[in-house]
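Just below is one structure, and these are the notes that go with it.
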Amino acid sequence: MNDWSRIAPQLAEATGDTLYMVGVATVLTVLIGVPLGVLLTVTAPGALSPRPMLHRVLGLLVNLGRSLPFIILLVLVAPVTRAIVGTTIGSTATIVPLTLGAVPFLARLVETSLREVSPGKVEATLAMGARRRDVVRTVLLPEALPSLVAGVTVTVVALISYSAMAGAIGGGGLGDFAIRYGYQQFRTDITVVTVVLLLAVVQLLQWAGDRWARRLAHV
Amino acid sequence: MIELSDVRKVFPARRGAAEVAAVDGVTLSVAAGEFAGVVGPSGSGKSTLARLVNLLERPTSGRVAVDGQVLTDLDDDGVRRARRSVGMVFQHFNLLDSRTAAGNVEHPLELAGVGRVERRRRVADLLDLVGLADRHASRPAQLSGGQKQRVAIARALAAHPKVLLCDEATSALDPASTTGVLDLLRRVRAELGLTVLLITHEMAVVRAVCDSAVLLESGRVVDGGRLTDVLARPHSPLAAQLLPAPAVAGRDGDLVRVTVTDSAPEGRVLRTLAGELGLDVEVAGGSVETVAGRRFGRLLLSVTGDDGRLDAALQRLRDGGSLVERAVPGDEPPAIGAHDEPATAEQPSAPRLLDAPGVPL
């Protein structure tokens, strides 16, 4: 049991892998998920730019992505991952399914946040002679920002849990570490340490996200 | 300045609800510099009418022109530009919580592509105009209702509009704030030469600030005109809203309806009936208010002791210019009104509003 000096650096590396996967996946998820959420919101019937057909198709895609268990998604998108990254093993490869899994999740959260912005504010801005894209840029997104930050925080936490699952099929990171060292080598102490580490990361992120959202809220 | 010609707005049938003609053939003309009111019960189409003026709602048919420009002939882009000459103020302010007071006023200027330096200058001027220069850094959440509406008015004026639409702009405010906002509206109307269309269910507001008004019912204009003309018409449904008199039905004895104006004061009527004829005259109810600096009223008199000379006396009074007649159940304008509005009750009293410093009406 005195092998912690050997395990500790590996644990640190695994933590770094997890942060790398989740970090890059978060950036990609925000870049794709927020515009998708905006599109879902403004194309809804009676919304800023109603496109009922597009709205239904987007809604269907998002629902499909969200109803698929992540472990299945991992396997399903393996060909896509190979096409993009060149391999399906390792942290970088895991970013692809992580992003694909989190985008529909975030898009729905973004849609919910934007729908909370009172239609009166939109109407007042249209009455100023605003274009629809001005309304998205100067009203919907800024007014929903505290709620959007909260949504991204929830998504990051979900990404951490996905990343641990991705570890099961060779994705690297803390999940991978817990399974290979803790579970397969019957080292409950390693499993516990890994879980504590994950918990600490999640707590820290949630705390930071909440704080940021509170600072942005002016109501 | 505002010309609506036979404007209709039909909302298509929705699940479970038939199609609704919210505005059903309204023709309305507001002259430049006029302060015009639109009153009516809830669901009469007032708010839709306001939104037709800046084409937030496109009319189903009819023609809308503002400042000589026919908005209904413009494409979306043209309408967007034309909206800059029409400011709008709302019941619930609709300020952006993510911006400060100054940021909210700056918003329309940003959208219009005004440069930063010019924007800052204009925002300072506008906040000064509405008396909130010291609150420029405050968020809407830190302002009172009256202050929020002042910021909203500054915002509506930012792009130098010629027309100001007020949709129930005082309905969410307490009486004191209502007075302040109405004073401000009167002042900016005079200083900037604005044309104002004010939608409200509060008759005190109309009495206090409007030059003219129309009464809307089921999407149609049923009465309207300059207030000084309307209030002198004994059977005007709009006058009945502005100056309510008690119902005739269920009362015994001889009832006399008196319409009071400066040129037809009630004193002569009372002198004739009580003095000359020696009848017992009680005021059953009614109201007398100062509107546009002149006295107007509607009274219901209960007269007892008539020995057959009443009708002749009333005829004599009419010949002499008084607006008197026997009141019989069923001849009064239908009692619709503000009582069914869900918003705050009408409390501000007209005399206080008129005592306040401001522009003469």
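The values are calculated or read from the model by the stated rules, or taken from the named source; none is laboratory data. Nothing here was measured: the structure is a model prediction, and the numbers come from that model. Because the Cβ atoms are built from the backbone with ideal geometry, glycine has one as well, and the counts that use them run over all protein chains shown. Heavy atoms of the whole protein, side chains included, go into the accessibility calculation; ligands, DNA and RNA do not. Shrake-Rupley method; radii C 1.70, N 1.55, O 1.52, S 1.80 Å.
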_So residue A:48 ticks every box in (1) open to solvent by 50 Å² or more (accessible area, probe 1.4 Å); (2) within 25 Å of residue A:111 (Cα to Cα); (3) part of a loop (DSSP other than H, G, I, E, B) but one. Which box is left unticked?_
(1)
*List the number of the failed condition for residue B:289; all other conditions in (1) closer than 14 Å to residue B:322 by Cβ; (2) open to solvent by 10 Å² or more (accessible area, probe 1.4 Å); (3) not in a loop (DSSP other than H, G, I, E, B) hold.*
(1)
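Quickly run through segment A:86-98 and pick out the residues that are open to solvent by less than 40 Å² (accessible area, probe 1.4 Å) and either part of a helix (DSSP H, G or I) or within 13 Å of chain B (Cβ to nearest Cβ) (or both).
To start, the set of residues in segment A:86-98 that are open to solvent by less than 40 Å² (accessible area, probe 1.4 Å) comprises A:90-91, A:93-98.
Matches in segment A:86-98: A:91, A:93, A:94, A:95, A:96, A:97, A:98.
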*asked:* Checking the structure you have, find out if any residue of segment A:151-159 is buried (at least 19 other Cβ atoms within 10 Å of the Cβ), at pLDDT 95 or above and within 14 Å of chain B (Cβ to nearest Cβ).
replied: no
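Based on this model, can you work out whether residue A:130 counts as in a helix (DSSP H, G or I) and open to solvent by less than 50 Å² (accessible area, probe 1.4 Å)? I'd like the intermediate steps shown before the answer.
On the way: in a helix (DSSP H, G or I): no; open to solvent by less than 50 Å² (accessible area, probe 1.4 Å): yes.
No.
Got a number for residues in segment B:229-238 being open to solvent by less than 30 Å² (accessible area, probe 1.4 Å) and either assigned to a strand (DSSP E or B) or at pLDDT 90 or above (or both)? If you could, list the steps in order and put the result at the bottom.
Restricting attention to segment B:229-238, the residues satisfying the condition of being open to solvent by less than 30 Å² (accessible area, probe 1.4 Å) are B:230-231, B:236, B:238.
Filter once more, so that each one left must be either assigned to a strand (DSSP E or B) or at pLDDT 90 or above (or both): B:230-231, B:238.
Residues in segment B:229-238 being open to solvent by less than 30 Å² (accessible area, probe 1.4 Å) and either assigned to a strand (DSSP E or B) or at pLDDT 90 or above (or both): 3 in total.
Working carefully through the options A:112, A:138, find the one that is hydroxyl-bearing (Ser, Thr, Tyr) and in contact with a Leu (Cβ under 8 Å, 6 or more places away or on another chain). Outline the logic, then answer.
Values: A:112 fails: in contact with a Leu (Cβ under 8 Å, 6 or more places away or on another chain).
The conditions single out A:138.
Going by the conditions given, is residue B:91 more than 8 Å from chain A (Cβ to nearest Cβ), at pLDDT below 95 and within 25 Å of residue A:141 (Cα to Cα)? Explain how you work it out, then say what you get.
Working: more than 8 Å from chain A (Cβ to nearest Cβ): yes; at pLDDT below 95: yes; within 25 Å of residue A:141 (Cα to Cα): yes.
Taking the combined requirement at face value, the residue satisfies it.
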*Is there any pair linking a residue in segment B:242-259 that is crowded, with 17+ Cβ neighbours inside 10 Å and at pLDDT below 80 to one that is assigned to a loop (DSSP other than H, G, I, E, B) and of a type in the set (A, V, I, L, M, F, W, C), with Cβ under 9 Å and at least six apart or on different chains, and which?*
B:248/B:327; B:248/B:328
_I'd like the full set of residues that are more than 9 Å from chain B (Cβ to nearest Cβ) and among the polar types (S, T, N, Q), limited to segment A:99-144._
A:99, A:112, A:113
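So, of the residues in segment B:101-146 that are among the β-branched types (Val, Ile, Thr) and surrounded by 21 or more Cβ atoms within 10 Å (Cβ to Cβ), which turns out to be farthest from the other protein chains (Cβ to nearest Cβ)? Break it down stepwise before answering.
Restricting attention to segment B:101-146, the residues satisfying the condition of being among the β-branched types (Val, Ile, Thr) are B:105, B:114, B:117, B:123, B:130.
Applying the additional criterion that residues be surrounded by 21 or more Cβ atoms within 10 Å (Cβ to Cβ) yields B:105, B:123, B:130.
Details: B:105: 11, B:123: 14, B:130: 16 Å.
Once the filter is applied, the top-ranked residue is B:130.
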*Cβ-Cβ below 8 Å, separation at least six or inter-chain, first residue in segment A:87-106 and among the β-branched types (Val, Ile, Thr), second assigned to a loop (DSSP other than H, G, I, E, B): which pairs?*
A:88/A:170; A:89/A:170; A:89/A:171; A:94/A:171; A:94/A:172; A:96/A:77
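Does residue A:6 satisfy the condition of being over 26 Å from residue A:150 (Cα atoms) and modelled with pLDDT of 90 or more? Walk me through how you get there before you give the answer.
Working: over 26 Å from residue A:150 (Cα atoms): yes; modelled with pLDDT of 90 or more: no.
Spelling it out, it is not the case that residue A:6 is over 26 Å from residue A:150 (Cα atoms) and modelled with pLDDT of 90 or more.
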*asked:* Would you confirm, using the coordinates I've provided, whether residue B:10 is within 25 Å of residue B:201 (Cα to Cα) and buried (at least 23 other Cβ atoms within 10 Å of the Cβ)?
replied: no
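May I ask you to say which residue of A:181, A:162 is buried (at least 18 other Cβ atoms within 10 Å of the Cβ) and at pLDDT 85 or above? So that I can check it myself, show each step before the final result.
Values: A:181 fails: at pLDDT 85 or above.
Testing whether each residue is buried (at least 18 other Cβ atoms within 10 Å of the Cβ) and at pLDDT 85 or above leaves just A:162.
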*Scan of segment B:240-271 for residues that are assigned to a strand (DSSP E or B) and in contact with a Pro (Cβ under 7 Å, 6 or more places away or on another chain), ordered by number*: B:257, B:259
*Check B:274, B:284 and return the single one that is assigned to a strand (DSSP E or B), touching a strand residue (DSSP E or B) at 6+ places or on another chain (Cβ under 7 Å) and not assigned by TED's automatic domain parsing to the domain that holds residue B:204.*
B:284
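Restricting attention to segment A:51-79, report how many residues are over 25 Å from residue A:95 (Cα atoms) and open to solvent by 60 Å² or more (accessible area, probe 1.4 Å).
6
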*residue B:98 is checked against (1) in contact (Cβ under 8 Å) with a residue 24 or more places away in the chain; (2) at the interface with another protein chain (Cβ under 10 Å from one of its Cβ atoms); (3) buried (at least 21 other Cβ atoms within 10 Å of the Cβ) and fails just one. What number does that condition carry?*
(1)
*asked:* Where the second residue is aliphatic (A, V, I, L, M) and open to solvent by 70 Å² or more (accessible area, probe 1.4 Å) and the first is at pLDDT 95 or above and lies in segment A:19-41, which pairs have Cβ atoms under 7 Å and are six or more apart or on separate chains?
replied: none
*Filtering segment B:34-78 down to residues that are within 15 Å of the chain's Cα centre (by Cα) and open to solvent by 40 Å² or more (accessible area, probe 1.4 Å), which residue is nearest to residue B:169 (Cα to Cα)?*
B:47
*Name, by its number, the condition in (1) outside any helix (DSSP H, G or I); (2) open to solvent by 20 Å² or more (accessible area, probe 1.4 Å); (3) under 30 Å from residue B:154 (Cβ atoms) that does not hold for residue A:169.*
(3)
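For residue B:160, state whether it is touching a residue at least 24 places away in the same chain (Cβ under 8 Å), open to solvent by 20 Å² or more (accessible area, probe 1.4 Å) and under 28 Å from residue B:51 (Cβ atoms). Walk me through it before giving the result.
Numbers: touching a residue at least 24 places away in the same chain (Cβ under 8 Å): yes; open to solvent by 20 Å² or more (accessible area, probe 1.4 Å): yes; under 28 Å from residue B:51 (Cβ atoms): yes.
It is true that residue B:160 is touching a residue at least 24 places away in the same chain (Cβ under 8 Å), open to solvent by 20 Å² or more (accessible area, probe 1.4 Å) and under 28 Å from residue B:51 (Cβ atoms).
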